[in-house]
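As structure tokens, the structure follows; a few thoughts come after it.
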Amino acid sequence: LGWPEARVQRTLELGPGDVLLGVTDGLVERRGQDLDQGLATVLSAAAGEVGSLEDLVGRVTAATLDDAVGRDDATALAVRFLP
């Protein structure tokens, strides 16, 4: 049980127009797949022009859920910071 490495706390300052995307493990973890691979899929889907938050969440979930729909809890939440 526990983490394989020490936890690290970081502070990140977000400004107007920045987008924060949160995902649950159901979007990044698959049996037989390395966690880093799942995270890379999320990053790839979220790269580039964000556009609307709905489009961003749609791209991320489409890229990560594929045939896993309904097999695990899966949530993506995007927030844009306004000026």
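The values are calculated or read from the model by the stated rules, or taken from the named source; none is laboratory data. Note that the structure is a prediction, hence the values are computed from the model and not measured. Backbone-built Cβ (ideal geometry, glycine too); neighbour counts: all protein chains shown. The accessibility values were calculated without ligands, DNA or RNA, using every heavy atom of the protein model including side chains. Shrake-Rupley method; radii C 1.70, N 1.55, O 1.52, S 1.80 Å.
Quick look at the values:
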quantity	calculated
Average accessible surface area per residue within the range 6-83, 1.4 Å rolling probe, Å²	74
In Hz, Karplus ³J(HN,Hα) per residue of the range 35-46 (6.51, -1.76, 1.60; θ = phi - 60°; x = Gly, Pro)	4, 4, 5, x, 5, 5, 5, 4, 4, 5, 5, 8
Net charge, LEU39 excluded, C-beta distance under 14 Å - Lys, Arg +1, Asp, Glu -1	-3
Added length on full extension, which subtracts the Cα-Cα distance from 0.36 nm per residue, GLN37 to LEU14	5.7 nm
For the range 1-41, radius of gyration divided by Kirkwood radius, i.e. Rg to Rh on alpha-carbons	1.05
Principal axes of the chain: Cα extent on each, largest first, Å	42, 33, 20
